[in-house]
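I have placed the structure first, in the form of structure tokens, so that the comments after it can refer back to it.
The values are calculated or read from the model by the stated rules, or taken from the named source; none is laboratory data. Bear in mind that the values here come from a model prediction, so they are computed numbers and not experimental data. Every residue, glycine as well, gets a Cβ built from its backbone with ideal geometry; the counts of neighbours run over all protein chains shown. Keep in mind that these areas ignore ligands, DNA and RNA; they rest on the heavy atoms of the full protein, side chains included. Shrake-Rupley method; radii C 1.70, N 1.55, O 1.52, S 1.80 Å.
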Amino acid sequence: MNKIAKVGLIGLGVMGENLALNIERNGFSIAVYNRTQEKTDAFIANQAAGKNVIGCHDLKEFMACLEKPRKIILLVKAGDAVDKTIDGFKLFLEKGDIIIDGGNSHFKDTQRRENALAKDGIFFIGSGVSGGEEGALNGPSLMPGGDKKAYEQIRPIWEAIAAKVNDGPCVTYLGPDGAGHFVKMVHNGIEYGDMQLIAEVYDVLRRGLGLSAETIAQTFSQWNRGILDSFLIEITANILGVEDPQTRKPFVDQIVDKAGQKGTGKWTAELALELGIPIPTIDAALTARQLSALKDERVNAAARLKPFVVSAGADDKEAVIFALHDALYASKICSYAQGMALIAAGSKEYNWNINLAETARIWKGGCIIRARLLEQIRQAFARDNKLANLLLDPEFADFQKNANDKWRYAISFAIEKKIPVPALAASLNYYDSYLSASLPQNLTQAQRDYFGAHTFEVVGKPELGFIHADWPKMMQDQVKAKAPSK
């Protein structure tokens, strides 16, 4: 075969096909391969017909079609499939070739793969790709990490195919080895939190106020023209406006209330525990999905225990809606604050030197969590690149303070109506805890020291370090001291 392509792509699922078309549309010839030959042939005959796309039927042919050093994009299922795919063409690789994993791989797997391939002079880049199938086709947010010199070789392609916003393409080099996939993992965790917060507000509007899906759609659409402007708010309004063609009822009501997940939310929660970073909003969203999966148990419990249900409505519906608007935005700020704090901790732990302002910038377009809010986040970290938490930024602090009463009112209303709002409540509790100079964990430490001699520090006496108290003896001495003298 005489044709030579600038880049290759393995894995012609919907994301792979769309990314290949995006690359070709931006002036880069591309060779494609899929494990199932029929899939490759169908793609070449249909979507890629007449385009500068080379379809290959085996890995040897695929590798022969690529310009050297080869640039090979993998869009296969995370996990063993990535390793097996690499093993399948590793024999054909040469020193200087570049493999780009564009799937949702765990960043520790990316670290392992990069380290193993580097021994043979092969570069490995882990690049998050966010935006779904539409983003892959028209411009995703790209989060690459790996060897900086290798990234520079793919940078013209990545910048060409990425979504564009007012301050450039939505892609930036994030750091060595697994930095890109790490940031994508946390991005997905923030996405979990954001989606759950929106779902809870929808639930309060629907069951708490008794609003129709059409009215809620109009409410979200109105909100999307203000500070809540985001992709997820936009599609929520769209979804709620769609009717089932058979019943003429809201189509969303025909969907079983069981949410799926692919693991990135769980990975985010696990790593937050490992690094000691609190992410209660994201944790609540993960738990909510797990509870939703217990559909049969929930139906049975509702039938057996017959929970008391308050009738829908409020004396002042507009006040509740107004409060929910601010509660949603305040909670979203907390969700992003938790995610950015986790990225900062991961960057420090693994010596990645991730730029948080740039991270926020590349999320402004193309990705699922793109929102107006991200420009404010970018500005916050641009003002102070050592900002410990978004809640400390003056602009965000002012909004949270002004929204405080409405935030609490919205959650109180939901609790009164017996509507669960775990993520909204977790966000408020995170805020209250972060702003509390005193927390009850002095008692927790006392308990730990009492039963396990886990030690504690003494207020105002850091020079003592960690000490252990003999609690039973102190109690006995106290009793003796209080006993009346004879």
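Where helices (runs of 4 or more DSSP H) fall entirely within region 251-358, those with at least 1 residues that are closer than 25 Å to L209 by Cα and open to solvent by 40 Å² or more (accessible area, probe 1.4 Å) are at 280-292, 295-305, 317-349. Here G189 meets the list (1) among the small types (G, A, S); (2) outside any loop (DSSP other than H, G, I, E, B); (3) open to solvent by 30 Å² or more (accessible area, probe 1.4 Å) almost entirely, failing just condition (3).
Scanning region 79-97 for residues that are in a loop (DSSP other than H, G, I, E, B) and open to solvent by 10 Å² or more (accessible area, probe 1.4 Å) turns up G79, L93, E94, K95, G96. As for region 219-239, it holds no residue that is more than 30 Å from S105 (Cα to Cα), at pLDDT below 95 and not aromatic (F, W, Y). Scanning region 103-144 for residues that are in a strand (DSSP E or B) and hydrophobic (A, V, I, L, M, F, W, C) gives F123, F124, I125, V129, L142, M143. Beta carbons closer than 6 Å, at least 6 apart along the sequence or on distinct chains, pair a first residue in region 271-294 that is on the phi < 0 side of the Ramachandran plot with a second that is of a type in the set (K, R) and open to solvent by 40 Å² or more (accessible area, probe 1.4 Å) for S292/K258; A293/K258. Checking the condition under 23 Å from the mean Cα position of the chain (by Cα), of a type outside the set (K, R) and open to solvent by 20 Å² or more (accessible area, probe 1.4 Å), which residue from A179, A199 passes? The unique qualifying residue is A199.
Scanning region 233-250 for residues that are open to solvent by 70 Å² or more (accessible area, probe 1.4 Å) and outside any helix (DSSP H, G or I) yields V242, E243, P245, Q246, R248, K249.
Reported count of residues in region 450-486, each being open to solvent by 60 Å² or more (accessible area, probe 1.4 Å), modelled with pLDDT under 90 and assigned to a loop (DSSP other than H, G, I, E, B), is 3. Selection of region 393-430 for residues being in contact with a Phe, Trp or Tyr (Cβ under 9 Å, 6 or more places away or on another chain), open to solvent by 20 Å² or more (accessible area, probe 1.4 Å) and either under 17 Å from S335 (Cβ atoms) or in a helix (DSSP H, G or I) (or both) yields F399, N404, K406.
Cβ-Cβ distances below 7 Å connect the following pairs, each with a first residue in region 436-464 that is on the phi > 0 side of the Ramachandran plot, a second residue that is in a helix (DSSP H, G or I) and open to solvent by less than 90 Å² (accessible area, probe 1.4 Å), and a separation of six or more residues or different chains: T455/D449.
Quick check: anything in region 226-238 in contact with a Ser or Thr (Cβ under 6 Å, 6 or more places away or on another chain), without any contact (Cβ under 8 Å) to a residue 60 or more places away in the chain and of a type outside the set (F, W, Y)? Among the residues of region 226-238, at least one is in contact with a Ser or Thr (Cβ under 6 Å, 6 or more places away or on another chain), without any contact (Cβ under 8 Å) to a residue 60 or more places away in the chain and of a type outside the set (F, W, Y), which makes the answer yes.
When the test is whether a residue is β-branched (V, I, T), touching a helix residue (DSSP H, G or I) at 6+ places or on another chain (Cβ under 7 Å) and outside any helix (DSSP H, G or I), I100 passes it.
When only residues in region 112-132 that are crowded, with 21+ Cβ neighbours inside 10 Å and of a type in the set (S, T, N, Q) count, which is nearest to P144 (Cα to Cα)? So, considering only residues that are crowded, with 21+ Cβ neighbours inside 10 Å and of a type in the set (S, T, N, Q), the one nearest to P144 (Cα to Cα) is S127.
Taking region 360-391 as the range and being over 18 Å from D229 (Cα atoms) and open to solvent by less than 20 Å² (accessible area, probe 1.4 Å) as the test, the residues that pass are A380, F381, N389, L390, L391.
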